[in-house]
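Step one of this worksheet: look at the structure below.
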Amino acid sequence: MRNSLYLTTLGILIISCGSQQKSIKSKTPSKTTTPQAVVPIKKTEIKQDEGEYYKVNIADITKNDNTISYGSIVSANPVGYKISKTYFPAIGQNFRQRYVILHYTVLNDEKSVSTLTQQSVSSHYLVSTLPDKEIYQIVDENKRAYHAGISFWRKDQQINDTSIGIEIVNLGYTTDSLKNRVFYPYPEEQFKKVAALARDIVSRYNIPATNILAHSDIAPTRKQDPGPLFPWKRLYDEYQIGMWYDEPAKQTFLNQILTTNDIALQYNNPEFVSKVQQQLSQFGYALTVNGVWDKPTKQTIEAFQFHFRPTNYSGIIDAETLAILQALIQKYPQK
Ligand SMILES: [Zn+2]
């Protein structure tokens, strides 16, 4: 039993080391492989992103400083030994933080603080409604906060592992006499806080536009936050954060759709439904392509509309929504 466990572990080690060695070799083919004594290593200049080794490295390598830490440096402190950090640290590392996820709390200021600090849910930052200059940090950026839950985007899942969560104090929505949802707006001062905070995080970790998302984007069947009144377009226009479509591209797609397709006619055609589902999935949402307007599909369309077409979040596809989706897929293709 012990032997087989040992062999399995060894096997995994060999596979994992093998792929790393290959990558390192391709970067430095002239290096000797003979064992050497540990000596201080000079800082190597990394000129460009070459090969697969750096594909996952989201640090800004043009600054040649992918080893920077923005939080506390946590090290072991083994009894009787010294942990040495004087040598150049490994180039094979990146930041854990690859997403920024925005939320609303559905609680007032006071309850937001008590819930996010005293219960099992949390976030890294909390932005109150107060018109002051203060933003609360409640979890270290290097640690995981519990804000995303079961979540997916493009090839990623468990987004808590790789994100910084920002909770915005907002009561969510109420319902009117016709049972329509009426969302609460975000005060201007609060939006400015969120935008300044997001810009700081995004620039420090070099987080791509495709990874600045709503909770509803990464969990559309469970979540609506931060809702259709969060001004994503302003975040893009005024702070250059996140994704937005280009109007001319959208117009081109819209003209194509209006001249070649009659959405009303083919609305219930399984092929059309599958095409829409496939495009939502291509953009990044986790969705089963089954040719049926099922509940998850409608919720996903709604999440998309909350973010990119907030004037009409019916959960029903129309030419405008489809044109925006196609413009975004073209502008932000999955690699
Ligand atoms: Zn949320």
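Miscellaneous remarks
- Listed residue pairs exceeding 18 Å between alpha carbons, taken from Lys133/Lys192; Lys143/Lys192; Lys111/Lys192: Lys143/Lys192; Lys111/Lys192
- Counted charge near Ser122, where neighbours are those whose Cβ lies closer than 13 Å (Asp, Glu -1; Lys, Arg +1): -1
- Peptides 271-283, 247-259 ordered by average Cβ neighbours within 10 Å, highest first: 271-283, 247-259
- One decimal place: the segment Gln330-Arg181 gains 50.5 nm when fully extended, by the rule 0.36 nm per residue minus the C-alpha distance.
- Extension gain, Asn290-Leu130: 0.36 nm per intervening residue step, less the Cα-Cα distance, totals 53.0 nm.
- The alpha carbon centroids of the range 251-290 and the range 156-202 are separated by 28 Å.
- Backbone amide hydrogens, once placed in the peptide plane, bring Gly291 within less than 5 Å of Ser274, excluding anything fewer than 5 places away on its chain.
- Distances between placed amide hydrogens fall under 5 Å for Gly315 paired with Glu302, all partners being 5 or more residues away or on another chain.
- Solvent-free Debye scattering, log10 I(q)/I(0), computed from the Cα coordinates of the range 247-331 at q = 0.18, 0.25 Å⁻¹: -0.72, -1.43
- Residues Leu197, Leu102 in ascending order of nearby Cβ atoms (within 10 Å, fewest first): Leu197, Leu102.
Just so you know, all these numbers are worked out from the coordinates, no wet-lab data involved. Just so it is clear, the model here is predicted, and its values are computed rather than measured. All Cβ positions, even for glycine, are placed from backbone atoms using ideal geometry, and neighbour counts span all protein chains on display.
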